[in-house]
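I have placed the structure first, in the form of structure tokens, so that the comments after it can refer back to it.
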Amino acid sequence: ELFSSLFGTFAESEIGFGTIIGSAVFNVLFVIAMCSIFSREVLTLTWWPLFRDCTCYTIGLVVLVIFVAVNSAEEIELWEACVLLSMYFMYILLMWKNADIYKAITGKELEYPEEDDSDDDDSDDGKNDETESERMKKEEEIA
């Protein structure tokens, strides 16, 4: 991906835009699919990350197309590159304030899946093999 983009840049080829689209499709579809295939448990996915990332990606591509096709024909000027770079920093800010933005849009708190700390325990002697649902049932019985 990187070498294709570098080659396209220095050979003055139009491969650069296709590389951007191809890598994004690969990252959105293939990487997420592999994570779900090799996951040890069922992954609970919500609409929010897909909506958030696809919206940002679509806005970025529309701005890039406007810059390449309309504004300065087949060339990115310095100010356009600065705009695109600032959009990246805005995305980083969005990810930092992700929970706050989610609450502002939906009115609900963003809940993250609980992490199981027993997997990180190096001294696992088989005593902590109960699942999260079994632990929850035991806690309900105690209460």
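The values are calculated or read from the model by the stated rules, or taken from the named source; none is laboratory data. The structure displayed is predicted, hence computed values, not measured ones. Don't worry about glycine lacking a Cβ; one is built from the backbone with ideal geometry, like all the others, and counts go over all protein chains shown. Ligands, DNA and RNA are excluded from the accessible area calculation, which covers all protein heavy atoms including side chains. Shrake-Rupley method; radii C 1.70, N 1.55, O 1.52, S 1.80 Å.
Values as computed for the structure displayed
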quantity	calculated
Spin-label model distance (nm) - Arg40 vs Ser72, 7 Å beyond Cα toward Cβ	5.1 nm
Ordering of 32-43, 96-107 by packing [mean C-beta count within 10 Å, highest first]	96-107, 32-43
Region 45-111: translational diffusion in µm²/s, Stokes-Einstein, Kirkwood Rh over Cα pairs, 25 °C, 0.890 mPa s	183 µm²/s
Å² per residue, accessible surface of region 14-98 at 1.4 Å	75 Å²
